[in-house]
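Reviewing the structure listed below.
The values are calculated or read from the model by the stated rules, or taken from the named source; none is laboratory data. As the structure is a prediction and not an experimental result, all values here were calculated from the model. Glycine also receives a Cβ, built like all others from the backbone with ideal geometry; neighbour counts cover every protein chain displayed.
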């Protein structure tokens, strides 16, 4: 994980949903490197269950031949309510570390 956090700059989509404590809030972020080659789902610590499910979905899509960029674009087309989650519009950060801090993961 430390190597990944040095990734930057990145674009990202914040995802909100039901957290482990029963409340609503950030569960994680879909992220993609600016060159589109690397990406993933960063989990917010207060939403390990739902965040883990979304991260598992990312890994499963990669295993089925999707690219990080195609996965990111899939979620980017679902801005707003998307099933049991809410997807915020795309943002940019200088590093993935900044995204992790925003999620409270550091």
Does the stretch 78-90 hold any residues that are farther than 24 Å from residue 20 by Cβ and out of contact with any strand residue (DSSP E or B) (no Cβ under 6 Å at 6 or more places or on another chain), and which are they?
89
Check on residue 28, part of a strand (DSSP E or B) and in contact with a strand residue (DSSP E or B) (Cβ under 6 Å, 6 or more places away or on another chain):
yes
Going through the stretch 67-88 one residue at a time, which ones are within 12 Å of the chain's Cα centre (by Cα) and either in a loop (DSSP other than H, G, I, E, B) or at pLDDT below 95 (or both)?
88
Part of a helix (DSSP H, G or I), surrounded by 17 or more Cβ atoms within 10 Å (Cβ to Cβ) and at pLDDT below 95, is that true of residue 97?
yes
Provide a single number: the residues in the stretch 52-84 that are surrounded by fewer than 17 Cβ atoms within 10 Å (Cβ to Cβ) and in contact (Cβ under 8 Å) with a residue 60 or more places away in the chain.
3
Suppose we filter 13, 54 for residues that are outside any loop (DSSP other than H, G, I, E, B), closer than 18 Å to residue 104 by Cα and touching a helix residue (DSSP H, G or I) at 6+ places or on another chain (Cβ under 6 Å); which single one remains?
13
Taking the stretch 38-51 and keeping only residues that are surrounded by fewer than 22 Cβ atoms within 10 Å (Cβ to Cβ) and either assigned to a helix (DSSP H, G or I) or touching a residue at least 60 places away in the same chain (Cβ under 8 Å) (or both), one is left with 45, 46, 48, 49, 50
